[in-house]
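Chemist: Before I ask anything, here is the structure I am working with.
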Amino acid sequence: MNWKASGETDPVALVLAQPELDSRTATAAQDGEGDWLCAWCHKQVANERDRFCFDGKDEFTFSNPEGIRFDIITFSETCGCDQTGVPTLKNTWFPGHAWSYCQCAECGRHLGWYFSGQQEFAGLIKDRIVRALLLRN
């Protein structure tokens with residue numbers, strides 16, 4: 001452990017030295033609005049300030065026709081994601097909103113879906129993205 005004496009008024013008191021954070025972690029911790037990254041390659045794909053409420057919620061759980069369950073977070077904007085596929089209303093989770101795939105622009109992993117209709121937003125799969133705030137190098 002790194003200990004240092006506080007020195008001035010009480011020479012016996014010891015203070016635990018604070019670890020240095022890398023600049024990416026320190027910035028996210030300071031502004032409180034951390035980036036969301038692809039869980040595989042750590043490319044930035046969204047930001048916490050862009051969370052989007054649909055019918056008063058920004059987190060949902062859905063199952064696809066094969067019964068695979070997805071927990072998603074909705075965002076009004078994404079970066080580092082490529083929209084792929086032809087938008088379709090078939091089996092949509094949000095009535096009146098066509099969906100297409102959202103893939104990481106860096107590694108190509110499927111991260112969620114883009115939805116277009118009265119509103120446009122993305123639903124990113126919670127276990128395929130991570131908060132930059134939680135990463136340490």
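Read-outs throughout are calculated quantities, based only on the coordinates presented, and are distinct from any laboratory measurement. This is a predicted model, so every value here is computed, not measured. Glycine also receives a Cβ, built like all others from the backbone with ideal geometry; neighbour counts cover every protein chain displayed.
Chemist: Can you give me the long-range amide H partners of N47? Hydrogens built in the peptide plane at 1.01 Å from N, cutoff under 5 Å, separation of 5 or more residues or another chain.
Modeler: W36
Chemist: So what are the radius of gyration and Dmax for the Cα set of the range 33-134, in Å?
Modeler: Both quantities, over Cα of the range 33-134: 12.6, 36 Å.
Chemist: So, one more: May I ask for the distance between the Cα centers of the range 32-74 and the range 93-126, given as a whole number of Å?
Modeler: The range 32-74 and the range 93-126 have Cα centres spaced 9 Å from each other.
Chemist: Would you grab the residues whose amide H sits under 5 Å from the one on L111? Only those 5+ places off in sequence or on another chain, please, with H modelled 1.01 Å from N.
Modeler: Under 5 Å from the amide H of L111: C102, Q103, C104.
Chemist: Mind sorting E77, E66 by how few other Cβ atoms lie within 10 Å of their own Cβ, fewest first?
Modeler: Final ranking by Cβ density, sparse to dense: E66, E77.
Chemist: Along Cα→Cβ, 7 Å out, is where each label goes; now give me the distance between the ones at T61 and Q44 in nm to one decimal.
Modeler: 3.2 nm
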